[in-house]
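What follows draws every value from the coordinates through simple rules; no lab data is involved. The structure presented is a predicted model; accordingly, all values stated were derived computationally and were not measured. Glycine gets a Cβ as well: all are built from the backbone with ideal geometry, and neighbour counts include every protein chain shown.
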Amino acid sequence: MGVYLLQQLFNKTDRQIEYDVKDNAAYQLFCGVGIVEQWHVPDHTKIEEFRSRLLKEREEELVNRRAGIEPLIGHAKHGGQLGQSRMKSDKGIESSGYTAVLGFNMRQLIKWQKLPVRRKIA
């Protein structure tokens with residue numbers, strides 16, 4: 001499931017995501033290395049098998065969930081700036097992501113305002 005989510009998130013082919021997971025330790029952790037006993041990187045044929053086993057409705061549900069969190073991931077990747085989402089989705093899911101980002105920024109602002117004021121001593 002983790003390989004499938006990474007593949008969808010970064011728009012990679014089966015072979016590309018296979019090589020990326022082999023080379024990237026963070027991807028391996030995301031996919032379950034160290035958590036699942038005897039974990040290994042699936043080859044591109046296993047990735048294709050898994051994707052074909054998913055029901056169409058389930059696949060759409062997973063893609064819609066991804067669309068909901070993509071603005072948050074983009075926000076984190078770009079140092080707090082919102083970029084344009086590459087995901088095609090309905091506006092409801094996209095706007096809920098932006099609302100979550102707005103809430104995060106508001107919490108940061110409130111924390112910042114609660115800090116003690118430091119006066120300059122000349």
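According to a simple spin-label model (label point 7 Å from Cα along Cα-to-Cβ), what is the distance in nm between Glu61 and Asp23? About 3.5 nm separates the two model spin labels.
Put simply, when 32-39, 7-14 are sorted by average Cβ atoms within 10 angstrom per residue, most first, you get 7-14, 32-39.
Extending 7 Å from Cα along the Cβ direction at Arg53 and again at Met1 yields two label points whose distance is 1.3 nm. Label points 7 Å out from Cα along the Cβ direction at Ile35 and Arg15: separation in nm? For the pair Ile35/Arg15, the computed spacing is 3.0 nm.
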